[in-house]
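Below is one structure, written out as structure tokens; comments come after it.
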Amino acid sequence: MLATSVVDPLLTSPQRARQHDDDMAAIQKSLQDLPPLNLPRSSVAVSIASSSLTLSHRQEEGAELSLEVAAKDEEEVEPRQGGEDVAYNDTMKDYGAEEEDDDNVDIAFQQLMNRGNYLRQLRLLALADEQERQAQMFAQTSFCEEKKEDFDDDDNIPATGTFAAKEVLEDSVRILPTQEKVLDYNSYLAHQRYYDDLKHVDIKYMDFGNIKNPSNGKIVDGDEDSGRLVVEQRKALGKGGFCWDAGFVLGEHVIAHEKEWNDNNRRRQGGAAPRVVELGAGTGLSGMMIAKTTQSRVEVTDLPELEDLMRDNINLNFEGVGGDESYAEKLMFSDDEKKAKGTISSRVLRWGVEEDYGDVPYDVIIGADIVTSLYDPVALAQTLHALSGPDTRIYISGKSRLDKPHEEFDVEMNRLFGSVRKIERPSSRLRSPNVFIIVAEGKQ
């Protein structure tokens with residue numbers, strides 16, 4: 001029996017109640033006059049042999065209306081050929097099967113809803129990460145703006161139009177016919193809105209433009225142009241296949257302080273160009289910057305798996321070293337842009353393997369972001385000591401992200417060298433706030 005109860009505010013008088021009685025009686029007669037309903041086998045068959053419709057109410061205001069529809073029990077009917085009628089038992093079996101199907105649908109629907117909730121949670125997390133990134137970028141930009149006057153007043157830091165070019169807010173990326181990306185690095189220097197390590201990992205070629213040797217520690221208009229530098233990155237080689245902030249900062253700092261290491265060495269060696277070796281060079285960025293702008297003999301070194309990348313980058317950027325000219329044509333590299341003040345070569349040098357050290361000592365040793373958890377910092381310091389002489393100057397750049405390896409490295413360096421100092425604000429246009437440089441000399 002199905003009962004429906006509603007509260008009808010219209011039933012507030014006997015006259016209205018009688019009117020509703022007459023209406024409900026008419027509805028009952030209409031239901032009885034309806035023809036039999038033939039349902040398909042897949043439906044639930046309900047035959048109403050007779051129906052009774054009753055109405056009860058109370059006379060007081062806000063009376064309750066009770067509507068009841070009753071159906072007599074249906075007698076079992078013999079099934080006929082063609083499926084026009086179905087037996088009650090068969091009908092209930094089909095109904096049970098449909099209920100099971102409905103349960104399966106409900107489960108699938110619930111799983112879909114759960115997945116939707118999960119995806120929404122992921123989206124919210126992604127939005128939160130993006131908001132945090134935007135906040136960090138804003139904070140870094142604010143830091144750079146606040147420090148602009150300090151940086152420009154510091155004689156040790158090259159002056160550029162970095163902060164004046166506020167209209168340049170995005171990286172300038174060119175797409176080659178091969179679908180490879182080329183980044184104009186100066187466009188990044190113009191805004192420097194972010195400094196995270198992975199910002200340029202999808203770039204194939206880093207175009208650093210024409211490298212200049214600064215006058216009096218500052219890069220200004222009119223400085224001598226030492227040729228163009230384009231560095232290929234290879235993601236498949238892992239960390240060693242990328243250009244890092246510490247590498248660019250190291251190159252500019254060593255160039256800006258050339259008088260510290262070049263003039264003294266040249267006088268001591270009777271005018272011969274100093275020998276510079278880069279450890280863990282990877283792409284060779286720092287060493288190539290120095291070879292472009294200074295009269296020096298540079299060797300970029302790393303593990304065997306990175307030797308091809310170092311060699312290819314040297315071939316692309318320097319005259320007289322051969323290589324595949326298709327790279328230069330693809331990047332619109334002219335022969336004039338390959339000019340350089342110094343010379344450069346590449347080779348394998350494994351730390352701790354003395355037969356790889358070559359003709360020691362070197363006049364200058366550099367290394368960018370090589371103090372990491374991947375390598376033994378004590379073994380690195382001992383390799384630097386083995387490659388050094390009494391007058392060797394060492395420049396090692398790093399980025400504050402792993403304190404323990406740097407602490408171990410600092411302890412060993414102070415044991416092996418008479419002078420070890422840390423430069424918190426290197427001489428570079430790149431303002432990455434966590435990059436520093438260790439300068440060591442005085443081999444013990």
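Remark: for residue pairs K339/K399; K339/K422; K259/K341; K212/K443, the C-alpha separation exceeds 27 Å in K339/K399; K339/K422; K212/K443. Using heavy atoms of the protein chains and a probe of 1.4 Å, the accessible area assigned to E441 is about 60 Å².
Rounded, prolate or oblate: which fits the stretch 382-444 when a ≥ b ≥ c are the square roots of the eigenvalues of the alpha-carbon gyration tensor, with rounded for a/c under 1.5 and prolate only if a/b beats b/c? Oblate, since a/c reaches 1.5 and b/c is not below a/b. Using the Cβ-Cβ distance between R415 and D359 with R0 set to 25 Å, the FRET efficiency works out to roughly 0.45.
Please give the net charge around L237, taking every other residue with its beta carbon less than 14 angstrom from that of L237, where Lys and Arg add +1 and Asp and Glu add -1. Please list the in-between numbers first.
Details: positive: K204, R234, K235, K239, R311; negative: E232, D302, E305, E307, D308, D312.
Within the 14 Å Cβ shell, the charges total -1.
Which whole-number percent gives the relative contact order of the stretch 333-410, counting Cα pairs below 8 Å spaced six or more residues apart?
Numbers: 75 pairs, mean separation 27.1, N = 78.
Here the relative contact order equals 35 percent.
With every protein chain in place and a 1.4 angstrom probe, the accessible-area ranking of I175, I344, I365, largest first, reads I175, I344, I365.
The values are calculated or read from the model by the stated rules, or taken from the named source; none is laboratory data. These numbers come from a predicted model, not from an experiment. Here Cβ is always computed from backbone atoms with ideal geometry, including for glycine, and neighbour counts include all displayed protein chains. Side chains are part of the model used for accessible areas, which takes the heavy atoms of the whole protein and leaves out ligands, DNA and RNA. Shrake-Rupley method; radii C 1.70, N 1.55, O 1.52, S 1.80 Å.
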